[in-house]
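The values are calculated or read from the model by the stated rules, or taken from the named source; none is laboratory data. Note that the coordinates shown come from a computational prediction; the quantities given were computed from them, not determined experimentally. Every residue, glycine as well, gets a Cβ built from its backbone with ideal geometry; the counts of neighbours run over all protein chains shown. These accessible areas exclude ligands, DNA and RNA; they are computed on the full protein's heavy atoms, side chains included. Shrake-Rupley method; radii C 1.70, N 1.55, O 1.52, S 1.80 Å.
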Amino acid sequence: MPRSRIPVVAGWFTEDTAEEEFRLLGTRCSGCRSVHFPREDDHCRNPGCPGGELAEVPLSKRGTVWSCTDGRYRPPPPYVSDPAVPWVPYTLVAVELAAERMVVLGQAAPGVGVSDLPVGSVVEVVPGVLEEDPAADTVRTTWHWRPVAVEETAEGTAAEALS
């Protein structure tokens, strides 16, 4: 029997989709065209907005590394983690989404470190796993940022230019 997949935060990313179709989900205001992530469902956060309806929009799949750092220590409480399990360092990435005019934070895919993410390099959002709980038979899902090969970046740019 497959494990239950539970998103860390419901509605922040697509669920049960192929990796190629995976996207973060934001909202766009019809009044000022501002895009929000995390999503905003009550009101536009733009203080200069005349007001408008908020609609869900998928964010760009690719962006450029704006900054990154690594977490090499276990955060103090109230962070919850099992002290009996060795701490595994992780990499945090700030990714600029040019079309949305915003920077989105997220964890790098497993095995991707700071040295793999030079500022300005292209990354793409992919489905990720935050934690697995075999006892509860659940997987808590999230998103990760993964570097895009230079060849893929060049192909994508060429394909976009032709369309």
From the option list ARG45, ARG39, single residue qualifying as basic (Lys, Arg), within 14 Å of the chain's Cα centre (by Cα) and farther than 23 Å from GLY113 by Cα is ARG39
Restricting the range 47-94 to residues that are of a type in the set (S, T, N, Q) and at pLDDT 95 or above, the residue that is surrounded by the fewest Cβ atoms within 10 Å (Cβ to Cβ): THR69
If you go through the range 77-88 one residue at a time, do you hit one that is touching a strand residue (DSSP E or B) at 6+ places or on another chain (Cβ under 8 Å) and either touching a residue at least 12 places away in the same chain (Cβ under 8 Å) or within 27 Å of ALA135 (Cβ to Cβ) (or both)? no
In the range 32-45, is there at least one residue being over 20 Å from ALA99 (Cα atoms), open to solvent by less than 70 Å² (accessible area, probe 1.4 Å) and touching a residue at least 40 places away in the same chain (Cβ under 8 Å)? no
Hits in the range 103-133 (condition: farther than 19 Å from ALA18 by Cα, in contact (Cβ under 8 Å) with a residue 60 or more places away in the chain and open to solvent by 50 Å² or more (accessible area, probe 1.4 Å)): GLU132
Yes or no: the range 7-15 includes at least one residue that is modelled with pLDDT of 95 or more and either more than 28 Å from PRO147 (Cα to Cα) or touching a Ser or Thr at 6+ places or on another chain (Cβ under 8 Å) (or both). yes
Regarding VAL88, is this residue within 13 Å of the chain's Cα centre (by Cα) and either closer than 20 Å to VAL8 by Cβ or part of a strand (DSSP E or B) (or both)? no
Contacts under 7 angstrom Cβ, first residue in the range 1-21 being open to solvent by less than 80 Å² (accessible area, probe 1.4 Å), partner at pLDDT below 90 and assigned to a loop (DSSP other than H, G, I, E, B), 6 or more apart: SER4/ASP137
Given the criterion of a type in the set (Ser, Thr, Tyr), closer than 30 Å to VAL122 by Cβ and not in a strand (DSSP E or B), identify the matching residue among TYR73, TYR79. TYR73
If you go through the range 54-101, how many residues are among the β-branched types (Val, Ile, Thr) and closer than 30 Å to SER30 by Cα? 5
When you go through (1) part of a strand (DSSP E or B); (2) surrounded by 15 or more Cβ atoms within 10 Å (Cβ to Cβ) one by one for GLU100, which number turns out not to apply? (1)
Within the range 22-31, the residues that are more than 22 Å from ARG140 (Cβ to Cβ) and surrounded by 18 or more Cβ atoms within 10 Å (Cβ to Cβ) are THR27, ARG28, CYS29
